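In what follows, a structure is listed as C-alpha cells, so that the remarks can point back to it.
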Amino acid sequence: MFLDKLKNFKSYKTETTPCRVKLSSNENPFELSDRLKERIKEEVGKIPFNRYPDPTYRQLKESVAEFYGVQPENIVLGNGSDELIHILITVIGDLSRPVMYPVPTFPMYQVSADILGRPKVEFPLDEDFQLRKESIDSALEKKPQIAFFASPNNPTGNSFDSELIRYTADSGVFTVVDEAYIDFSDKKDFVEEALDSRTNIVVLRTMSKIGLAGIRLGVMIADSKTASLIDRVRPPFNITYPTDVIGRIVLTEGKEEIKQQVEKIILERKRIMNAVRQIKGVKVYPSDANFFLIKVPDGNKVHRMLIEEGVLVRNMSHLPNMENCLRISVGKPEENDIFIKALEKVLNAL
Ligand SMILES: Cc1ncc(COP(=O)(O)O)c(C=O)c1O
C-alpha cells in the first residue's frame, strides 16, 4: 500500500550486456597510471575505516576548488552529480512548481522529479537537437522554478545556445547548467555566471567522465551563499572516506594525466567520427562530448548485431525524436577500430 506509487515507476536503466568492447556508458576508457594507483594504494591503506570521514570535506573541497579555479566556498560535493540533481530538485522552490528540461536529455532530471512527484515541463529540441526560443517560451508559461540544461547534452552530444540558457535564467528560473561533458568541448563554460549571485545559474560537474566514474564524485559550483545553503541539506557523509582520499590524490597529482587522457579522447572522437562518416547509410551528428550519436537504417537491429560482434553501444531508439539513433562512447584506439569494423560489417549485412 505505502509503495503502490512505485509500481509503475521506471528507474534509470543502463546497458549491462557483457561485451568485449563496452562503448555504452560515456566513461573514460583509460585507467589511471600505475604510478597514481600506487599512490592511491598507499593512502587508502592509511584510512581508519572504523571512522567517519571529515563531514566538511575541507581538504577535498580545496583540491576540487583548485582544479576548477574557484574557491572552496563555491563548492558542494555530491555522491556523483546524480545526487546533486536530486538535492536540487528537492530544495529549489516549491515542489508543486515544475522542473523544466528539453528532451531528449539526461534521464535523471525526469527520474528525480518523478520520485518527488514534482511536475515536469518537457519541451522539444529541434531536428538538430538545438534549443528553440519558442519552445522555451511555451515551457516558461507553465511557471517552472528550476531548469536543467545538460550542455554538451547527453545523448545528443551537442552544446546548447548559451544565450537561450541565460534567457531562461533571466526569466526568473533557477537554472542548472550540467557540464558533465564540458572537458571535451571548446565552448565557454558557465562557471563565471555560477559564481555571480545575480544570475540564477549554478553549474554541475562530475569526475565520472574524466576517469573516476568508480568513486562517485560530483560537484556543484555556485555563489557562496547558494552553495552554503544547499550544503546544509547534503547528507552528512555523502562522500565516502576512500572517495575523499582518492579524489584528492587524482585531482592534485593526477591533473596532467587527466588532461592528456581528455586530449587523447578528443582526438580519437574526431578520428572515429571521420571513419564512421565514410560508411554508407550512417548519419553522424556533431559532438562536443566523449561520445557521439549516429543514425542508422534500423537502430534496434544494428544494436543487436553489434552485440553479436562483441560491441556494446547505447540504443537510443526508444527516445522521442531519436528513432534509429545509437550513442557511441569513445573507447581506446583498438576498441574504436573494432567498433568501426563491426559497424561496417553489420551495415553491409543489413
Ligand atoms: C549530463 C549528465 N549529467 C550527470 C551525469 C551523472 O554523472 P555522475 O556519474 O556524476 O552521477 C551524467 C552521466 O551520464 C550525464 O550524462
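The values are calculated or read from the model by the stated rules, or taken from the named source; none is laboratory data. Quantities reported herein were computed from a predicted structural model and do not represent experimental measurements. Heads up, the Cβs are rebuilt from the backbone with ideal geometry, glycines too, and the neighbour counts pull from every protein chain shown.
Of the set (1) in a strand (DSSP E or B); (2) surrounded by fewer than 24 Cβ atoms within 10 Å (Cβ to Cβ), all apply to LEU140 but (1).
Please verify whether PHE292 is over 30 Å from VAL76 (Cα atoms), hydrophobic (A, V, I, L, M, F, W, C) and touching a helix residue (DSSP H, G or I) at 6+ places or on another chain (Cβ under 8 Å), treating the condition exactly as stated. For PHE292, the condition - over 30 Å from VAL76 (Cα atoms), hydrophobic (A, V, I, L, M, F, W, C) and touching a helix residue (DSSP H, G or I) at 6+ places or on another chain (Cβ under 8 Å) - is not met. The test for being within 16 Å of the chain's Cα centre (by Cα), within 14 Å of the ligand (Cβ to nearest atom) and without any contact (Cβ under 8 Å) to a residue 40 or more places away in the chain holds for SER112. Output yes when any residue across region 77-88 is within 16 Å of the ligand (Cβ to nearest atom), closer than 22 Å to PHE160 by Cβ, of a type in the set (S, T, N, Q) and in the same structural domain as VAL219 (by TED's automatic domain parsing), and no when none is. Taking every residue of region 77-88 in turn, at least one turns out to be within 16 Å of the ligand (Cβ to nearest atom), closer than 22 Å to PHE160 by Cβ, of a type in the set (S, T, N, Q) and in the same structural domain as VAL219 (by TED's automatic domain parsing). The residues of region 166-207 that are buried (at least 17 other Cβ atoms within 10 Å of the Cβ) and of a type in the set (Gly, Ala, Ser), listed by number, are ALA169, ALA180, SER185, ALA194.
Within the option set ARG314, ARG327, being under 20 Å from the mean Cα position of the chain (by Cα), of a type in the set (D, E, K, R), surrounded by 23 or more Cβ atoms within 10 Å (Cβ to Cβ) and at pLDDT 95 or above holds for one residue only, ARG327. Annotation: GLN260 fulfils all but one of (1) closer than 24 Å to LEU343 by Cβ; (2) free of Cβ contacts under 8 Å to residues at least 40 places away in the same chain; the unmet one is (1). Checking each residue of region 142-154 against the condition of being touching a residue at least 12 places away in the same chain (Cβ under 8 Å), closer than 20 Å to ILE328 by Cα and in contact with a Pro (Cβ under 8 Å, 6 or more places away or on another chain) gives at least one match.
Return yes when THR199 is of a type in the set (S, T, N, Q) and within 16 Å of the ligand (Cβ to nearest atom) and no when it is not. Here the answer is no, as THR199 does not meet what is asked. Just a yes or no: is a residue in region 150-173 closer than 18 Å to THR90 by Cα and either of a type in the set (D, E, K, R) or within 16 Å of the ligand (Cβ to nearest atom) (or both)? Scanning region 150-173 turns up no residue that is closer than 18 Å to THR90 by Cα and either of a type in the set (D, E, K, R) or within 16 Å of the ligand (Cβ to nearest atom) (or both). In region 89-101, the residue that is farthest from the ligand (Cβ to nearest atom) out of those that are buried (at least 19 other Cβ atoms within 10 Å of the Cβ) and more than 19 Å from the chain's Cα centre (by Cα) is PRO98.
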